[in-house]
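The structure appears right after this line, and notes come after that.
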Amino acid sequence: MDKMWAGRFSKALDKQADDFNSSIHFDSRMYKQDIIGSMAHAIMLRRQGIISDTEEKQIQKGLSEILADIESGNLQFDMNAEDIHMFVESELTKRIGDAGKKLHTARSRNDQVALDIRMYLMTECEEIGALIKNLIKAIRDLASQHKNTIMPGYTHLQRAQPITFAHHVLAYAMMFTRDFNRLGDAVERMYENCPIGSCALAGTTYNTDREWEAERLGFSGISLNSIDGVSDRDFCVELLSCFAIIMMHLSRFSEEIILWSSWEFKFVELDDSYTTGSSIMPQKKNPDMAELVRGKTGRVYGDLMSLLTTLKGLPLAYNKDMQEDKEAIFDAVDTVKKCISIFTPMISTMKPISENMLAAAGKGFINATDLADYLVKKGKPFRTAYKIVGEIVAYCIANNLILETVPMDKYKEFDESFADDLYNEISLRTCVEKRISAGGTGEKSVERQLDYITEFLND
Ligand code: ARG
């Protein structure tokens with residue numbers, strides 16, 4: 001295919017250079033946004049008297065036919081075209097002749113590509129938002145069945161204090177609500193700066209109406225500086241950071257699921273449909289989905305770093321380096337969508353094993369803080385109580401006992417104020433039930449967390 005810019009050149013582009021330069025093999029996925037953007041541009045040109053009514057009608061008809069033909073499979077992308085923008089324009093000109101050549105008046109591919117990516121990401125972010133909400137719903141449903149499932153809570157991966165499984169997984173639900181809101185903020189900002197009409201970099205001499213065109217395309221404003229309009233990829237970086245944070249959350253959750261499904265923990269059993277076997281060890285049931293989600297996190301971080309690095313040191317305005325934005329952001333979009341889509345059913349089909357969680361909570365002296373608090377309630381300063389309980393724990397370890405099985409006469413040797421009511425005070429159930437401070441693990445607090453999540457989902 002002859003290049004649109006061929007006029008200035010006496011020789012065709014080298015084949016290898018042409019392939020290297022071309023982006024159609026990845027930017028063709030923006031065909032719809034490119035066509036919708038062009039449709040709005042044509043109306044604006046007609047409204048401003050830059051093209052005639054007839055020309056605009058021909059352009060609209062041509063563009064809608066191209067869209068329909070791409071979607072029905074009747075029109076294949078020409079991989080010799082430089083990019084999707086060139087492809088659509090030359091296809092239009094092929095179909096409607098001279099009117100097609102007028103479409104590119106008062107714009108350039110520099111503002112066009114900046115517009116197309118934004119519109120493309122808008123659709124993708126809506127889908128990702130819906131996927132996040134589904135995931136939050138799955139966590140909410142899991143939590144509501146386990147408000148009384150006691151498990152050890154950890155710090156430093158050492159058993160620390162008893163909590164409920166509901167409380168633990170709701171921590172992830174909270175993270176994903178922030179992810180949803182963070183994505184929404186970034187999308188809103190992306191829609192404040194419609195770049196179209198910035199043209200190559202300096203604006204245009206035509207009497208355009210950028211505000212009208214922006215509003216028509218659903219933007220809340222236009223980029224106020226045409227150089228910024230074509231050079232800005234902040235929105236890609238912001239979205240990539242949102243995606244990186246989502247992946248970080250998925251990865252932490254994956255890590256726990258991987259640990260929990262090991263024989264060492266056995267707190268959960270993953271469904272057969274989300275695990276794989278080993279080619280050599282017949283007993284194996286591997287949490288591959290969770291591992292892959294954890295693994296793909298690195299890839300999305302890489303996409304963020306790659307774009308930041310591409311943009312670093314770029315002079316204004318458009319530079320071809322910026323074509324690299326798309327592969328990074330598309331890869332991150334695809335990866336995040338795939339990961340959330342697999343993670344949600346994996347956790348909805350996962351079976352928590354309450355007995356094992358409770359048994360683990362029974363070891364490791366996770367009620368030691370509560371025993372110290374017991375002494376504090378009897379009038380001891382916390383530091384003194386802390387020291388006494390430390391000695392009791394050491395005694396238990398030496399004698400293979402747990403706090404619940406130390407006899408009362410032994411407790412009395414450590415401190416006179418111990419009495420029979422301590423056994424109830426340090427029962428795991430009491431330890432959990434009494435932690436009703438806002439955000440705590442007690443049932444009332446967990447109920448409030450569940451209400452918050454339900455409200456969030458209904459919003
Ligand atoms: N394919 C290009 C990109 O993705 C479109 C913009 C090209 N502009 C230019 N002046 N060569 O960035």
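Remark: pairs (first residue in the stretch 10-27, of a type in the set (Val, Ile, Thr); second residue within 12 Å of the ligand (Cβ to nearest atom); Cβ separation under 7 Å; 6+ apart in sequence or on different chains) = 24/81; 24/82; 24/83; 24/84; 24/87.
Filtered by the rule that a residue be more than 26 Å from residue 169 (Cβ to Cβ) and assigned to a loop (DSSP other than H, G, I, E, B), the stretch 358-388 gives 378, 379, 380, 381.
For the stretch 251-265, does any single residue satisfy the condition of being of a type in the set (Val, Ile, Thr) and over 24 Å from the mean Cα position of the chain (by Cα)? Before you say what the answer is, go through the steps one by one.
Looking only at the stretch 251-265, we keep the residues that are of a type in the set (Val, Ile, Thr), and these are 257-258.
The next check asks that each one be over 24 Å from the mean Cα position of the chain (by Cα); those that pass are none.
No, every residue in the stretch 251-265 fails to be of a type in the set (Val, Ile, Thr) and over 24 Å from the mean Cα position of the chain (by Cα).
Is it the case that some residue within the stretch 286-303 is within 16 Å of the ligand (Cβ to nearest atom), free of Cβ contacts under 8 Å to residues at least 24 places away in the same chain and out of contact with any Cys (no Cβ under 6 Å at 6 or more places or on another chain)? No - not one qualifying residue is present in the stretch 286-303.
Per the listing 114, 166, the residue uniquely assigned to a helix (DSSP H, G or I) and either under 27 Å from residue 429 (Cβ atoms) or away from the ligand (no atom under 16 Å from the Cβ) (or both) is 166. Figure legend. Inter-residue proximity from the stretch 53-78: first residues farther than 22 Å from residue 22 by Cα, second residues among the small types (Gly, Ala, Ser) and modelled with pLDDT of 95 or more, beta-carbon distance below 6 Å, spacing 6+ or different chains. Indicated pairs: 55/99; 56/42; 58/99; 59/42; 59/99; 63/38. Among what's in the stretch 278-334 and is basic (Lys, Arg), in contact with a helix residue (DSSP H, G or I) (Cβ under 9 Å, 6 or more places away or on another chain) and under 24 Å from residue 225 (Cα atoms), pick the residue that is surrounded by the most Cβ atoms within 10 Å (Cβ to Cβ). Checked the stretch 278-334; the qualifying residue surrounded by the most Cβ atoms within 10 Å (Cβ to Cβ) is 326. Looking only at the stretch 409-459, count every residue that is more than 15 Å from residue 168 (Cα to Cα) and in contact with a Pro (Cβ under 6 Å, 6 or more places away or on another chain) and tell me the total. Count: 2. When the residues of the stretch 306-343 are filtered to those that are in contact (Cβ under 8 Å) with a residue 24 or more places away in the chain and either of a type in the set (Gly, Ala, Ser) or not in a helix (DSSP H, G or I) (or both), the one that is farthest from the ligand (Cβ to nearest atom) is 341. Only residues that are assigned to a helix (DSSP H, G or I) and touching a Gly at 6+ places or on another chain (Cβ under 9 Å) were counted in the stretch 389-447, giving 6.
How do the helices (runs of 4 or more DSSP H) wholly within the stretch 4-109 filter down when requiring 3 or more residues that are over 36 Å from the mean Cα position of the chain (by Cα) and within 16 Å of the ligand (Cβ to nearest atom): which remain? Filter on the stretch 4-109 gives an empty set. For residue 436, the conditions (1) at pLDDT below 95; (2) touching a strand residue (DSSP E or B) at 6+ places or on another chain (Cβ under 9 Å) are fulfilled apart from (2).
Against the condition surrounded by 15 or more Cβ atoms within 10 Å (Cβ to Cβ), more than 16 Å from the ligand (Cβ to nearest atom) and more than 30 Å from residue 153 (Cβ to Cβ), how does residue 239 come out, does it pass?
Values: surrounded by 15 or more Cβ atoms within 10 Å (Cβ to Cβ): yes; more than 16 Å from the ligand (Cβ to nearest atom): yes; more than 30 Å from residue 153 (Cβ to Cβ): yes.
In short, yes.
Just one of 224, 157, 201 is touching a residue at least 60 places away in the same chain (Cβ under 8 Å) and of a type in the set (A, V, I, L, M); which is it?
Values: 224 fails: touching a residue at least 60 places away in the same chain (Cβ under 8 Å); 157 fails: touching a residue at least 60 places away in the same chain (Cβ under 8 Å).
Going through 224, 157, 201 in turn, just one is touching a residue at least 60 places away in the same chain (Cβ under 8 Å) and of a type in the set (A, V, I, L, M): 201.
Within the set 180, 176, the sole residue that is away from the ligand (no atom under 16 Å from the Cβ), within 30 Å of residue 216 (Cα to Cα) and not small (Gly, Ala, Ser) turns out to be 180. Taken as a whole, the condition of being of a type in the set (D, E, K, R), more than 16 Å from the ligand (Cβ to nearest atom) and surrounded by 19 or more Cβ atoms within 10 Å (Cβ to Cβ) applies to residue 140.
In summary, residue 355 fulfils each of the numbered conditions (1) part of a helix (DSSP H, G or I); (2) loosely packed, with under 14 Cβ neighbours inside 10 Å; (3) modelled with pLDDT under 95 with the single exception of condition (3).
The values are calculated or read from the model by the stated rules, or taken from the named source; none is laboratory data. This one's a predicted model, so the numbers in the text were calculated from it and none came from an experiment. Quick reminder, even Gly has a Cβ in these numbers, built from the backbone with ideal geometry, and neighbours come from all protein chains shown.
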